[in-house]
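The values are calculated or read from the model by the stated rules, or taken from the named source; none is laboratory data. Remember, predicted model here, so these are calculated numbers, not experimental data. Don't worry about glycine lacking a Cβ; one is built from the backbone with ideal geometry, like all the others, and counts go over all protein chains shown. When the accessible area is computed, the model is the full protein with side chains, heavy atoms only, and any ligands, DNA or RNA have been set aside. Shrake-Rupley method; radii C 1.70, N 1.55, O 1.52, S 1.80 Å.
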Amino acid sequence: MSPYALSMLMSSLAVGTIVTLSSHHWFLAWMGLEINTLAIIPLMTKMHHPRATESATKYFLTQATASALILFSTTINAWMTGEWTIMNMTNPTPTVILTLALAIKLGIAPFHLWLPDVLQGLNMLTCLILSTWQKLAPMALMMLTSHQLNTNLLIAMALMSTIIGGWGGLNQTQMRKIMAYSSIAHLGWMILVISFAPSLALLNLLIYLVLTSSMFLMLMTLNSTNTNKLSISWLKTPTLAASMMVTLMALGGLPPTSGFLPKWLILQEMTKQHLGALSALMAMSALLSLFFYIRLSYTISMTSPPNISNSSLTWRKKKNLTYVIPILITMSATMMPITPTLLLLN
């Protein structure tokens with residue numbers, strides 16, 4: 001792809017998200033979402049492969065349906081209230097339609113089926129953009145309207161997302177599908193707490209962005225798209241493979257990594273809301289995700305491919321590591337000490 005076309009598309013992605021984040025009018029927010037969708041589709045199809053075309057088609061149809069539902073719900077709300085303001089969603093019917101539309105946009109269960117298939121047909125860089133940057137605008141709209149959304153509907157979708165996100169990743173060998181199910185599970189934790197404490201949902205989103213970005217950048221550096229290729233990463237770059245194990249443990253939510261911080265605070269908030277049974281179900285569903293993260297760590301560290309060479313050392317291609325990866329890995333592992341500060345702010 002031409003650098004000029006790539007720069008224009010990336011600029012359009014940034015503009016679409018910024019327009020949605022800074023808007024108070026529903027029509028302007030909808031325009032930002034449409035700019036976002038139309039900007040990423042050429043990035044999806046730049047590989048000129050049938051799988052990439054299939055992924056772009058599925059993504060376009062899904063996002064177009066969600067955008068139509070958003071416009072439909074906001075039009076009904078404007079007809080009932082006489083206002084297009086984002087913060088004024090008082091009627092239950094457009095609010096439920098809006099919740100479902102944003103769930104389709106984000107890939108939250110039971111509207112998650114498009115996400116693993118779409119990610120599987122794309123390259124790692126586009127998967128990174130789709131899993132991180134494309135979540136910002138719909139999640140911002142959900143946070144802005146969080147005090148008016150149907151709490152029972154959000155809790156049901158959150159529990160379903162964490163269970164399906166953990167269950168679906170158990171039998172996968174493709175890293176892109178594993179990361180897709182990981183995204184579904186993390187989004188479940190975010191929407192669980194969004195109507196009770198939006199600040200905790202924002203914290204979970206930020207930590208999810210750090211962990212997912214570091215994971216995709218490491219997979220891009222190691223050129224690992226499945227578990228078989230991941231098993232030889234220890235021979236190529238041992239330091240990066242060890243760092244990937246830490247990031248996987250953070251994605252699973254094990255202490256003392258950064259991934260444990262939002263799960264701990266969310267379960268604490270749920271307990272304060274007298275939702276003990278729901279907290280126990282969420283904690284047990286997190287074990288499903290933790291299992292396949294531990295399985296990936298085992299694949300990286302404890303397995304070695306058959307070696308037909310007599311040499312004890314392997315050829316290692318020099319990797320041009322950027323400074324972004326060490327920063328993200330450090331943030332993935334060392335954000336637990338800021339917990340007292342966050343509790344004071346909350």
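A few remarks follow.
- Accessible area in square angstrom per residue, the chain, 1.4 angstrom probe: 45
- Subtracting the Cα-Cα distance of T303 and T75 from 0.36 nm times their residue separation leaves 76.5 nm of extension gain.
- Label-to-label distance for F60 and T173 is 3.3 nm, based on points extended 7 Å past Cα in the beta-carbon direction.
- With both labels modelled 7 Å from their Cα along Cα-to-Cβ, the K272 to R51 distance reads 4.5 nm.
- For segment 3-344, the calculated P(r), taken from all Cα-Cα distances in 10 Å bins from zero up to the bin holding the longest distance, is 5, 25, 33, 25, 9, 2, 1, 0 percent.
- Over 19 Å apart at the Cα level, from the set K58/K135; K46/K236; K135/K229; K58/K105, are K46/K236; K135/K229.
- Taking every full run of DSSP H in the chain, the ones that stretch at least 20 Å from end to end by Cα along their long axis and average -1.0 or higher on the Kyte-Doolittle scale are 3-21, 26-44, 50-81, 92-106, 151-168, 175-193, 198-222, 238-252, 276-302.
- Exposed loop sites here are chymotrypsin sites (Phe, Trp or Tyr not before Pro) assigned a DSSP state other than H, G, I, E or B and surrounded by at most 10 other beta carbons within 10 Å; excluding them, the longest clear run of the chain is 1-314.
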